Amino acid sequence: MNLRIGNGYDIHRLVPGRPLILGGQRLTHPEGLGLDGHSDADVLVHALMDALLGALSLGDIGRWFPPDDERWRGADSLVLLEQVVGLVRERGWQVVNVDAVVIAERPRLRPHIEAMRALIAGRLGVEPERVGVKATTNERLGPCGREEGIACHAVALLQQP
Ligand code: MG
């Protein structure tokens, strides 16, 4: 069996006047902040997409969904994730599992984790048991700790049966 692993990272600024969407879930930040970006700025889904693309050396999401392309303005990142999964499948690969950790001081993500896993699993076409989503604070250190942004690290394992 052929196996491939990929990793992904993303960070977006927290700003007023934007929605806060993580793992396809619309959340509420206590200060009313949201994530800035060309698409819906869902850092969790973006990091997962980069991990999937990285596993097959297909570059990064900027190559497939350029930020200066008007088609992706305000895009639902879960739709982009489905397109990335399509690229993986076209090449004869399947998702074994993915795992991500979101770095955010607020809001508390734990109440939303199961819903995020289910949504992502649906788009990946795998059982939720194969989708790990974790959350940590940055202990008030660095840009994530100062709530200047929210970041995410992710890995993806693929198999070619
Ligand atoms: Mg991004």
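The values are calculated or read from the model by the stated rules, or taken from the named source; none is laboratory data. None of these values were measured; they are calculated from a predicted model. A quick note on method: Cβ atoms are made from the backbone with ideal geometry, for glycine too, and the neighbour counts reach across all protein chains shown.
Assorted remarks:
- Restricting attention to the stretch 49-87 and to residues that are more than 9 Å from the ligand (Cβ to nearest atom) and among the β-branched types (Val, Ile, Thr), the residue that is nearest to Ile21 (Cα to Cα) turns out to be Val79.
- Given (1) aliphatic (A, V, I, L, M); (2) in contact (Cβ under 8 Å) with a residue 60 or more places away in the chain; (3) within 13 Å of the ligand (Cβ to nearest atom), number of the condition Ile5 does not satisfy: (3)
- None of Leu44, Leu81 is farther than 20 Å from Val15 by Cβ and either modelled with pLDDT of 95 or more or of a type in the set (Phe, Trp, Tyr) (or both) except Leu81.
- Residue identified as within 14 Å of the ligand (Cβ to nearest atom) and surrounded by 15 or more Cβ atoms within 10 Å (Cβ to Cβ) among His29, His46: His46
Yes or no, residue by residue, for (1) buried (at least 16 other Cβ atoms within 10 Å of the Cβ); (2) part of a helix (DSSP H, G or I); (3) of a type in the set (Asp, Glu):
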{"residue": "Leu58", "(1), (2), (3)": "yes, no, no"}
{"residue": "Arg71", "(1), (2), (3)": "no, yes, no"}
{"residue": "Asn97", "(1), (2), (3)": "yes, no, no"}
{"residue": "Pro111", "(1), (2), (3)": "no, yes, no"}
{"residue": "Lys134", "(1), (2), (3)": "no, no, no"}
{"residue": "Glu139", "(1), (2), (3)": "no, no, yes"}
{"residue": "Glu147", "(1), (2), (3)": "yes, no, yes"}
{"residue": "Cys152", "(1), (2), (3)": "yes, no, no"}
